[in-house]
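Read-outs throughout are calculated quantities, based only on the coordinates presented, and are distinct from any laboratory measurement. No experiment lies behind these values; they were computed from the predicted model shown. Quick reminder, even Gly has a Cβ in these numbers, built from the backbone with ideal geometry, and neighbours come from all protein chains shown.
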Amino acid sequence: MTKTPLTLCLWYEGDAEDAANFYAQTFANSHVGAVHRAPADSPGSKAGDVMTVEFTLLGTPCLGLNGPPIFKHSEAFSFIVHTDTQDETDRLWDAITGNGGQESVCGWCKDKWGVSWQITPRVLLDATTNPDKAVAKRAFEAMMTMKKIEIAAIEAAVKG
């Protein structure tokens, strides 16, 4: 396990390794580390089953824990991924939603394991926090009409 002061632990229903591999293939600065197997039988798993998977997601240490279907992911926790271009926004959005995930609104989507993501262009953050309240309002109102964020539409809203 890493020696950092914080590791995010995510609960999966037996497919933590699949999720970690998907994240490593999809996001920059991400990789799968150690895969730990159960040393003995336990309720819901057998000796040798994948118990935990260490992975790094966008430079952040994470642990995927395989457990029984007791706990579910919800929008109360989400990863925010800041993007710089529409191509990057599209690629990440399409990877998540195209691999069994679901679209939501305002840049939110959910992967096939139920983990929530906000694919957020920096342009949107700059626009919605603009000190000019009229600009921020127009950008916010434009965002409210979208599922995946469209940078050109946000930029048009900023211009008025």
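Results, tabulated for the structure shown:
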item: Proximal lysines to K46, defined as alpha-carbon separation beneath 26 angstrom and excluding residues fewer than eight positions away on the same chain; result: K72, K112
item: Amide H contacts of E13 (H built 1.01 Å from N, under 5 Å, at least 5 apart or other chain); result: G67
item: Angle between the chain longest axis and helix 133-143 axis [Cα atoms, degrees, rounded to 10]; result: 50 degrees
item: The stretch 1-153, relative contact order in percent, only Cα pairs under 8 angstrom and at least six apart counted; result: 19 percent
item: Acute angle (nearest 10 degrees) that the helix 16-26 long axis makes with the longest principal axis of the chain, alpha-carbon atoms; result: 40 degrees
item: Value of [θ]222 nm, deg cm²/dmol, for the chain, DSSP H segments ≥ 4, -39500 (n - 2.57) each, nearest 500; result: -9500 deg cm²/dmol
item: Value of Rg to Rh for the chain (Rh from inverse mean 1/r over Cα pairs, i.e. Kirkwood); result: 1.07
item: Descending semi-axes in Å of the stretch 8-66, equivalent ellipsoid built from Cα gyration tensor; result: 22, 9, 9
item: Neighbour-limited loop hits for trypsin sites (Lys or Arg not before Pro), the stretch 98-155 (at most 13 other Cβ within 10 Å; DSSP other than H, G, I, E, B); result: none
item: Dipole axis of the chain (+1 Lys, Arg; -1 Asp, Glu on Cβ), positive-most option in T85, P121, A157; result: A157
item: Along each principal axis, Cα extent of the stretch 78-159, largest first, Å; result: 39, 20, 18
item: Percent of beta bridges antiparallel (DSSP, the chain, rounded to nearest 5); result: 60 percent
